Amino acid sequence: MGTPATFKLLVKNSEYWNLHSDQEQAYDFHYDIVVDYENWLLCGHKKRLFSTKVDIQFLLHPRVLLQEKS
């Protein structure tokens, strides 16, 4: 196994293009991390559903990739 590669996934939403934005409305988001599993292992959630309000940065937990083959 190789050296672990750590990263953080930061999601920021914006209402720049929405002329009728509601600052109190929560929006649902989904992410899906796709990994080449022949060469890498992913530690942490690879799929997640979450909700957040407008213009709020939503920091997700750190992730780690482990290289299986060098």
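The values are calculated or read from the model by the stated rules, or taken from the named source; none is laboratory data. Keep in mind that what you see is a predicted model, and the values were worked out from it rather than measured. Glycine also receives a Cβ, built like all others from the backbone with ideal geometry; neighbour counts cover every protein chain displayed.
Descriptive notes on the structure:
- Enumeration of residues in region 32-41 that are in a loop (DSSP other than H, G, I, E, B), more than 9 Å from the chain's Cα centre (by Cα) and under 17 Å from K8 (Cα atoms): V34, V35
- Residues of region 3-44 satisfying the condition of being modelled with pLDDT under 80, in contact with a Leu (Cβ under 8 Å, 6 or more places away or on another chain) and surrounded by 13 or more Cβ atoms within 10 Å (Cβ to Cβ): L9, V11
- Close pairs from region 42-54: first within 17 Å of E15 (Cβ to Cβ), partner at pLDDT below 85 and of a type in the set (A, V, I, L, M), Cβ under 6 Å, at least 6 apart: S51/A26; K53/A26
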